[in-house]
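Chemist: Sharing a structure below in structure tokens format, with a few things to ask.
The values are calculated or read from the model by the stated rules, or taken from the named source; none is laboratory data. Everything numeric in this text was worked out from a predicted model, so none of it was measured. Cβ atoms come from the backbone with ideal geometry, glycine included; neighbour counts cover every protein chain shown.
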Amino acid sequence: MGFRTEKDLFGAAISSVYIQKMLNSDLNLACFVEPKGLFGIPDLVIVNANPCLASCGKQLRVFAFEMKLSNWRRALIQAFKYRAFAHCSIVLIDADHVGPAISHLDQFRKSRIGLLSIADDGHLRIHNRPSFSAPYSTMLETHLSEKVLNRSPRLVGVGPR
């Protein structure tokens, strides 16, 4: 049957084991729901400490999620924009509507964007494992780092409208 709203999809995603592991990790520093002031407005941004890279001044690992009921093309475009500030950008789509996105998996691979789907029973599936790379905007990466390191908020809200 699928999700009726993106808010329902968001609720299932935030409750999934995949995202809960990120949020409940000792490395988790912050979580933002629909943060403004970046490049676009991702549905969810999770910021974890990165002890492996702390010695070279890169203290954070940023994950940006774009969640859609079905419009994979729009989600892919938005997720690509998030690579300006995120080390890992992920599209999460309703499992009942992920077929067209899977048919275009090569576009996700070329863009280095992860593709996940979630069923209304909460089962999450990885179709394209997201890859890590440095954000392409040093300014936005620094802006987000300062926001996190100065406040260390854990702001999980109600999710998308």
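Chemist: Out of all the residues in the range 1-29, which are within 13 Å of the chain's Cα centre (by Cα) and aliphatic (A, V, I, L, M)?
Modeler: 13, 14, 19, 22, 23, listed by residue number.
Chemist: Filter the range 41-65 for residues that are out of contact with any Phe, Trp or Tyr (no Cβ under 6 Å at 6 or more places or on another chain) and modelled with pLDDT of 70 or more and give the result.
Modeler: If the condition is that a residue be out of contact with any Phe, Trp or Tyr (no Cβ under 6 Å at 6 or more places or on another chain) and modelled with pLDDT of 70 or more, then 41, 47, 48, 49, 50, 59, 60, 61, 62, 63, 65 are the ones that fit.
Chemist: Does residue 102 satisfy the condition of being modelled with pLDDT of 95 or more, at negative phi and not in a helix (DSSP H, G or I)?
Modeler: no
Chemist: Out of 93, 126, I need the residue that is farther than 20 Å from residue 39 by Cβ, in contact with a Gly (Cβ under 8 Å, 6 or more places away or on another chain) and at pLDDT 90 or above. Which one?
Modeler: On the way: 93 fails: in contact with a Gly (Cβ under 8 Å, 6 or more places away or on another chain).
Answer to the check: 126.
Chemist: Same structure again: Filter the range 24-38 down to the residues that are surrounded by fewer than 12 Cβ atoms within 10 Å (Cβ to Cβ) and free of Cβ contacts under 8 Å to residues at least 40 places away in the same chain and list them by number.
Modeler: Scanning the range 24-38 gives 24, 26, 36.
Every residue, every condition in (1) touching a residue at least 40 places away in the same chain (Cβ under 8 Å); (2) closer than 15 Å to residue 13 by Cα; (3) in a helix (DSSP H, G or I); (4) in contact with a strand residue (DSSP E or B) (Cβ under 8 Å, 6 or more places away or on another chain), yes or no:
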{"site": "80", "(1), (2), (3), (4)": "no, no, yes, yes"}
{"site": "90", "(1), (2), (3), (4)": "yes, yes, no, yes"}
{"site": "122", "(1), (2), (3), (4)": "yes, yes, no, no"}
{"site": "130", "(1), (2), (3), (4)": "yes, no, no, yes"}
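Chemist: Then there is this: Would you say residue 117 is within 19 Å of residue 34 (Cβ to Cβ), hydroxyl-bearing (Ser, Thr, Tyr) and not in a loop (DSSP other than H, G, I, E, B)?
Modeler: Against the criterion (within 19 Å of residue 34 (Cβ to Cβ), hydroxyl-bearing (Ser, Thr, Tyr) and not in a loop (DSSP other than H, G, I, E, B)), residue 117 does not qualify.
Chemist: Restricting the search to the range 1-35, which residues are closer than 25 Å to residue 149 by Cβ, part of a loop (DSSP other than H, G, I, E, B) and among the aliphatic types (A, V, I, L, M)?
Modeler: The one that is closer than 25 Å to residue 149 by Cβ, part of a loop (DSSP other than H, G, I, E, B) and among the aliphatic types (A, V, I, L, M): 27.
Chemist: Same structure again: For residue 147, work out the one condition from (1) in contact with a Pro (Cβ under 9 Å, 6 or more places away or on another chain); (2) modelled with pLDDT of 90 or more it doesn't fulfil.
Modeler: (2)
Residues checked against (1) in contact (Cβ under 8 Å) with a residue 24 or more places away in the chain; (2) among the β-branched types (Val, Ile, Thr); (3) loosely packed, with under 13 Cβ neighbours inside 10 Å; (4) under 18 Å from residue 114 (Cβ atoms):
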| residue | (1), (2), (3), (4) |
| --- | --- |
| 3 | yes, no, no, no |
| 14 | yes, yes, no, yes |
| 20 | no, no, yes, yes |
| 44 | yes, no, no, yes |
| 48 | yes, no, no, yes |
| 74 | no, no, yes, yes |
| 83 | yes, no, no, yes |
